[in-house]
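S.K.: Dumping the structure here so I can ask a few things about it.
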Ligand SMILES: Cc1ncc(COP(=O)(O)O)c(C=O)c1O
C-alpha cells in the first residue's frame, strides 16, 4: 500500500492536471483538508508539501495554499514520419561511454540503474541470508534450464498484478532482460533480417542488433510514441521480421503507449503473423498506478514478453524472464546451448524476496519518489540550460530526454563535461540514424540533492558555451 499522503497528493495533482482546479484556486486550509479526508494534520501537511515540491501549489504567507496551475514545459519536436534503415554504427562510442559512466560518473547523471539508496538493499540482503541458511548453495546443481520453479511461481504473482495471467510453465528465467530479448531475437529472426525498433532507442538494443548482424529499421517516436498508421503500413509491407518495443516508460523518451496503441500492436502482430517483442524492463516504474504492458491487452502467440528486476530493485542480481507459451520449447533449448541456466543462489534469493518481502509496496513508493525527483530535474534543466531547450514529459522511470538547438553536437558537449567529471548519455548513442546528435539523456536515479543540482547547472553552463561560441 502507498502512504495515505501519496494517495491524496495524486488525487489533487490529477485534478490540477485535468484543469478541474484552475490556477489561483484556493485549497482548503490544512486542518479542513485533514478533516475532509479523515487524516491527521501531519498527513495533510505532507500532502501539501509534496504538491509544493511538484510546483503544483504555492503558499501565500498569511493567506493559505493556492493552485499554481500546470507547469508549461517546452515540448520536444515531433519527428518526421519516416523510418530509416541503419546508417552509422555507434557501438564503439556506446562501449566507451558506458565504461566512462562506471569509472568517471561521480554524480550519476548517466546511470541506467537505480542508486542503492532507492533500492530495497536490506530486504534483499535478508533474503540472501535466509536462502543461504536454508540450502547448501555450493552443492546445488545447475538447476533447471527453464529456471527455479519457486522463482517462476513468484513471477506468476508479479505478472498477475500487472494483469497478465500466466502460469509458471510459460516463464523462462534469463540473465536480465537483455539476454531475454537477445534469445528471442535469435529465435524469431536470422542474420541480415530487419528488426524494427522505436527510436530514440536504448543503446543496449542497438549493440545487440549490431552484434547479431541484424539490419535495423528505426521508427521515429515523438512524445506520444510512434505514428500508428505508419507502423500499420510497415507491418502490411512486411518491412521487418520482428519489432522490439516498450509500452511503459520507454527508455529514453519516457512515454507510455495508450491502451488503444497497445491493443493495435497486438492485433497487427497477429494479423500479419509477425512476432513483436515487448521489452517491459521499466514496466513497473510507470507513474500512473497499475499501468499494464501490451501483453496484458492482447496476448496472442505473436506477442512475446520480456522483463527483469534490474530497474526496480536489483540490477546486480541479473534476473529477467521471457513469457511465450508457443516458443517456450525452442527458447529453453536456446538457453541451454547459451549458458545452461541462471545463477541458482540469485534465483533462490530473488524468489525468497518476492515471496516474503514487500515488493509491491516498495515499487509503489519508488515510482512516487521518482516522479517527484523527475520534476526537480525538469525544473533544474529549464532553469540552467539555454533558452529554447526542450525536455520530455516522462510517464515513468528515471530518464529525462533533453533536446538542444539543432546545431549543438552533444558528443562535443560530452567531451567538455567529462573533463569536469560529469557524464550523461549523448543522443548519438540512441540511434544509428544520427538524427539525435543534438539531444542527451539525463538520469535522476537517486534522491534529489545539491550535488545533482550543481552538476545539472554546470552542464547547462557548458551547453550555453557550446551553443553560443565566443567570436574573437
Ligand atoms: C529498455 C531496456 N531494456 C533492457 C535493458 C537491460 O535490462 P537488464 O539489465 O535486465 O538486462 C535496459 C537497461 O538499461 C533497458 O533500458
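S.K.: Does residue 114 satisfy being over 20 Å from residue 275 (Cβ atoms), surrounded by fewer than 20 Cβ atoms within 10 Å (Cβ to Cβ), under 23 Å from the mean Cα position of the chain (by Cα) and within 16 Å of the ligand (Cβ to nearest atom)? Break it down stepwise before answering.
M.R.: Working: over 20 Å from residue 275 (Cβ atoms): yes; surrounded by fewer than 20 Cβ atoms within 10 Å (Cβ to Cβ): no; under 23 Å from the mean Cα position of the chain (by Cα): yes; within 16 Å of the ligand (Cβ to nearest atom): yes.
When the stated conditions are applied, residue 114 does not pass them.
S.K.: Which one of the conditions (1) in contact with a strand residue (DSSP E or B) (Cβ under 7 Å, 6 or more places away or on another chain); (2) closer than 16 Å to residue 101 by Cβ does residue 432 fail to meet, given that it meets all the rest?
M.R.: Here residue 432 meets the rest and fails (2).
S.K.: Could you name every one of the helices (runs of 4 or more DSSP H) located completely within segment 199-278 that has at least 1 residues being away from the ligand (no atom under 15 Å from the Cβ) and touching a strand residue (DSSP E or B) at 6+ places or on another chain (Cβ under 6 Å)? First the steps, then the outcome.
M.R.: Values: elements: 203-211, 228-236, 259-271.
So the answer is 259-271.
S.K.: Tell me which residues, restricted to segment 160-195, are within 16 Å of the ligand (Cβ to nearest atom), part of a helix (DSSP H, G or I), in contact (Cβ under 8 Å) with a residue 40 or more places away in the chain and touching a strand residue (DSSP E or B) at 6+ places or on another chain (Cβ under 9 Å).
M.R.: 176, 177, 178, 179, 180, 181, 183, 184, 185 - these are the residues of segment 160-195 that are within 16 Å of the ligand (Cβ to nearest atom), part of a helix (DSSP H, G or I), in contact (Cβ under 8 Å) with a residue 40 or more places away in the chain and touching a strand residue (DSSP E or B) at 6+ places or on another chain (Cβ under 9 Å).
S.K.: Could I ask something else about it? Tell me, which residue of segment 401-417 that is touching a residue at least 60 places away in the same chain (Cβ under 8 Å) and surrounded by 21 or more Cβ atoms within 10 Å (Cβ to Cβ) is nearest to residue 91 (Cα to Cα)?
M.R.: Checking each candidate, the answer is 414.
S.K.: Taking segment 283-293 on its own, how many of its residues are under 24 Å from residue 115 (Cβ atoms) and within 16 Å of the ligand (Cβ to nearest atom)?
M.R.: Filtering segment 283-293 down to residues under 24 Å from residue 115 (Cβ atoms) leaves 283-289, 291.
Within this subset, residues satisfying the condition of being within 16 Å of the ligand (Cβ to nearest atom) are 283-286, 291.
Summing the residues that are under 24 Å from residue 115 (Cβ atoms) and within 16 Å of the ligand (Cβ to nearest atom) in segment 283-293 gives 5.
S.K.: Go through 296, 330 for me and flag whichever is touching a residue at least 60 places away in the same chain (Cβ under 8 Å), away from the ligand (no atom under 11 Å from the Cβ), under 20 Å from residue 189 (Cα atoms) and in a helix (DSSP H, G or I).
M.R.: So the residue among 296, 330 that is touching a residue at least 60 places away in the same chain (Cβ under 8 Å), away from the ligand (no atom under 11 Å from the Cβ), under 20 Å from residue 189 (Cα atoms) and in a helix (DSSP H, G or I) is 330.
S.K.: Identify all residues within segment 418-433 that are in contact with a helix residue (DSSP H, G or I) (Cβ under 9 Å, 6 or more places away or on another chain) and over 18 Å from residue 95 (Cβ atoms); write none if there are none. Talk me through it step by step, then tell me what you get.
M.R.: Filtering segment 418-433 for residues in contact with a helix residue (DSSP H, G or I) (Cβ under 9 Å, 6 or more places away or on another chain) gives 418, 420-432.
420, 421, 422, listed by residue number.
So that you can scan it fast, the table gives a plain yes or no per residue for (1) surrounded by fewer than 20 Cβ atoms within 10 Å (Cβ to Cβ); (2) over 25 Å from residue 318 (Cβ atoms):
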{"position": "147", "(1), (2)": "no, no"}
{"position": "175", "(1), (2)": "no, no"}
{"position": "182", "(1), (2)": "no, no"}
{"position": "212", "(1), (2)": "yes, no"}
{"position": "223", "(1), (2)": "yes, yes"}
{"position": "232", "(1), (2)": "yes, yes"}
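S.K.: Answer yes or no as to whether residue 398 is within 14 Å of the ligand (Cβ to nearest atom), buried (at least 21 other Cβ atoms within 10 Å of the Cβ) and in contact (Cβ under 8 Å) with a residue 60 or more places away in the chain. Please lay out each step first, then the result.
M.R.: Numbers: within 14 Å of the ligand (Cβ to nearest atom): yes; buried (at least 21 other Cβ atoms within 10 Å of the Cβ): yes; in contact (Cβ under 8 Å) with a residue 60 or more places away in the chain: yes.
Yes.
S.K.: Follow-up question, since we're still on this one. How many residues are in contact with a strand residue (DSSP E or B) (Cβ under 9 Å, 6 or more places away or on another chain) and modelled with pLDDT under 85 when one looks only at segment 16-32?
M.R.: Initially, segment 16-32 is screened for residues in contact with a strand residue (DSSP E or B) (Cβ under 9 Å, 6 or more places away or on another chain), giving 16, 21-30.
With modelled with pLDDT under 85 added as a condition, the list becomes 16, 21-25.
Matching residues across segment 16-32 total 6.
S.K.: What residue, of 393, 376, is part of a helix (DSSP H, G or I) and surrounded by fewer than 21 Cβ atoms within 10 Å (Cβ to Cβ)? Break it down into steps so the answer makes sense when it comes.
M.R.: Details: 393 fails: part of a helix (DSSP H, G or I).
The match here is 376.
S.K.: Among the candidates 310, 341, single out the residue that is surrounded by fewer than 24 Cβ atoms within 10 Å (Cβ to Cβ) and away from the ligand (no atom under 16 Å from the Cβ).
M.R.: Numbers: 310 fails: away from the ligand (no atom under 16 Å from the Cβ).
It is 341.
S.K.: Here's another thing I want to ask about it. Out of all the residues in segment 313-327, which are more than 10 Å from the ligand (Cβ to nearest atom) and not in a strand (DSSP E or B)?
M.R.: Matches in segment 313-327: 313, 324, 325, 326, 327.
S.K.: Just need a number here: residues in segment 100-111 that are away from the ligand (no atom under 15 Å from the Cβ) and in a helix (DSSP H, G or I).
M.R.: Number of matching residues: 3.
S.K.: Just checking, does segment 265-273 include any residue being under 20 Å from the mean Cα position of the chain (by Cα), within 30 Å of residue 365 (Cα to Cα) and surrounded by 21 or more Cβ atoms within 10 Å (Cβ to Cβ)? If you could, list the steps in order and put the result at the bottom.
M.R.: From segment 265-273, those under 20 Å from the mean Cα position of the chain (by Cα) are 265; that's our starting set.
Retained after the next criterion (residues that are within 30 Å of residue 365 (Cα to Cα)): none.
Among the residues of segment 265-273, not one is under 20 Å from the mean Cα position of the chain (by Cα), within 30 Å of residue 365 (Cα to Cα) and surrounded by 21 or more Cβ atoms within 10 Å (Cβ to Cβ), which makes the answer no.
The values are calculated or read from the model by the stated rules, or taken from the named source; none is laboratory data. Model, not experiment: these values are computed from the prediction. With ideal geometry, Cβ positions are generated from the backbone for all residues, glycine too; neighbour counts draw on all protein chains shown.
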